[in-house]
Structures are given as C-alpha cells and as structure tokens.
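Data first, discussion second: the structure below is written as structure tokens.
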Amino acid sequence: MEKKQIIRKKVNRALEMLSEKSYTKWSFEIALHLISSTYWKKANVIAFTISRGREVDTYYLIRKAWEEGKRVVVPRANFKTRLMTFYEITRFDHLEERPYSLKEPMVKYCSSVNHAEIDLVIVPGLAFDKNGYRLGFGGGFYDRFLPTVDAITISLAFPCQIVQELPIEKHDRKVDHIISPSGFY
C-alpha cells in the first residue's frame, strides 16, 4: 500500500508540472489515436468519466462521440457500496459536481444503462504499466466494475503516467490497451 502512495504522489507531482501546451497537445494526440482505432469505430456505446484536473481531456472525445451518433455513458458512484451505475448523457449540463470534484450524471435527466450495452470503456487511472495494469485513485470502483462488463477497455495516459512497474494485488484488473501520445500499448 505504501508503494502505491509513493507512486500516486510522484505521478501527481509530474502531472502538476505539465505545461498547458503539453497537456493540450498530448490530449489531442491521444484522442486522435483513439478515434482512428477500430475499437472506436465499432463502438456504439462508450463509457467515459468526465476528466478533471490534469487527466487526459475527455470532453473533446465525448463531443466527437456525439457528433458520430454514438451513445455516451458516464458513471455515478455510490460511495457507500463503492459501485457505479452508468447513465447516458446527451449534454454536459446534465452533469453535477459530486464529492472529489467528480462530474456525474443528474439522475433526473439521464437514463441508466445496462452494463451489457457498453461496447468500449475508457478507464481512468493515475498510473499505468505497459502490461495494462493501472493504479487508480484509491476507491476500487473500476476494479469492481470491470469484471461485470464484456467490453474493450482502454486507458488514456500521458508519458509521465506510464511507470516501469506497479504493485499488483489479486483484485486489480488490467485494461486491454493504454493509449499515450505515441500510440497504443
């Protein structure tokens, strides 16, 4: 557990040091790799989280998905059970700020979506290794969710988020692919 905290601090520090120019350029390069992939092209329902802080920008990707007629689903977390329910969003103003500065769907405007409908999941994380393991933000939400969905899983990462090795626990779930500005892992 201590090693995870050290990695989280190191990666957070590196993300804070990222220039606005690098952040914008790399987010766009990552987006281009994703939207030109067959995974994107085949997907009808794509699960995203709404980026915050220095996470790879997902706003552009969500707009692109809407332009292409894809359905966009976003999780709403239950912090007691540590489970997520995904809701379809069709507009950004159907989101509200929740704990930890998370932007999540307003239930009164959005319909829940069965996990079986999801074709592609963009999995958030703080650090990643080249084998597809990820270090999340400490809640375990995606480690619980990923075994319940039969979809392609992809994480988006800046170069400073890709580390040599992560401490792996038996409940940790790999993603199928990681996309950095230089392409797919």
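Checking region 91-100 against the condition returns no match, with no residue being within 26 Å of Ala14 (Cα to Cα) and either in contact with a helix residue (DSSP H, G or I) (Cβ under 7 Å, 6 or more places away or on another chain) or assigned to a loop (DSSP other than H, G, I, E, B) (or both). Here is the figure for region 149-166: residues that are open to solvent by 40 Å² or more (accessible area, probe 1.4 Å) and more than 24 Å from Tyr23 (Cα to Cα) total 2.
Of the listed requirements (1) within 21 Å of His177 (Cβ to Cβ); (2) at pLDDT below 95; (3) in a loop (DSSP other than H, G, I, E, B), Asp57 misses just one: (2). A single member of Ile46, Ile35, Ile89, Ile30 is buried (at least 19 other Cβ atoms within 10 Å of the Cβ) and without any contact (Cβ under 8 Å) to a residue 60 or more places away in the chain, and it is Ile89. Beta carbons closer than 8 Å, at least 6 apart along the sequence or on distinct chains, pair a first residue in region 174-185 that is surrounded by fewer than 21 Cβ atoms within 10 Å (Cβ to Cβ) with a second that is modelled with pLDDT under 95 and in a loop (DSSP other than H, G, I, E, B) for Lys174/Asn131; Lys174/Gly132; Lys174/Tyr133; Asp176/Gly132; His177/Gly132; His177/Tyr185; Tyr185/Lys130; Tyr185/Gly132.
The residues in region 1-12 that are open to solvent by less than 100 Å² (accessible area, probe 1.4 Å) and either in a loop (DSSP other than H, G, I, E, B) or out of contact with any helix residue (DSSP H, G or I) (no Cβ under 9 Å at 6 or more places or on another chain) (or both) can be counted, and the count is 5. Across region 136-148, the number of residues qualifying as buried (at least 17 other Cβ atoms within 10 Å of the Cβ) and assigned to a loop (DSSP other than H, G, I, E, B) comes to 1. Taken together, the criteria place Ile122 among residues that are touching a residue at least 60 places away in the same chain (Cβ under 8 Å), of a type in the set (Val, Ile, Thr) and closer than 20 Å to Ile152 by Cα.
Of all residues in region 149-185, those that are in contact with a helix residue (DSSP H, G or I) (Cβ under 7 Å, 6 or more places away or on another chain) and assigned to a strand (DSSP E or B) total 8.
Taking region 56-82 as the range and being in contact with a strand residue (DSSP E or B) (Cβ under 8 Å, 6 or more places away or on another chain) and open to solvent by less than 60 Å² (accessible area, probe 1.4 Å) as the test, the residues that pass are Val56, Thr58, Leu61, Ile62, Ala65, Lys70, Val72, Val73, Val74, Pro75, Arg76, Ala77. Each residue in region 95-127 was checked for being open to solvent by less than 40 Å² (accessible area, probe 1.4 Å) and either of a type in the set (Ser, Thr, Tyr) or over 21 Å from Glu55 (Cα atoms) (or both), and 4 of them qualify. Whether a residue is touching a Lys or Arg at 6+ places or on another chain (Cβ under 8 Å), in a helix (DSSP H, G or I) and open to solvent by less than 70 Å² (accessible area, probe 1.4 Å) was assessed, and Leu15 passes this test. Kindly indicate whether Thr85 is among the β-branched types (Val, Ile, Thr) and either part of a helix (DSSP H, G or I) or out of contact with any strand residue (DSSP E or B) (no Cβ under 9 Å at 6 or more places or on another chain) (or both). Spelling it out, it is not the case that Thr85 is among the β-branched types (Val, Ile, Thr) and either part of a helix (DSSP H, G or I) or out of contact with any strand residue (DSSP E or B) (no Cβ under 9 Å at 6 or more places or on another chain) (or both).
The values are calculated or read from the model by the stated rules, or taken from the named source; none is laboratory data. Since we're looking at a predicted model, the values are computed, not measured. So basically every Cβ, Gly included, is an ideal-geometry build from the backbone, and we count neighbours across all protein chains shown. Accessible surface areas use protein heavy atoms only, side chains included; no ligands, DNA or RNA. Shrake-Rupley method; radii C 1.70, N 1.55, O 1.52, S 1.80 Å.
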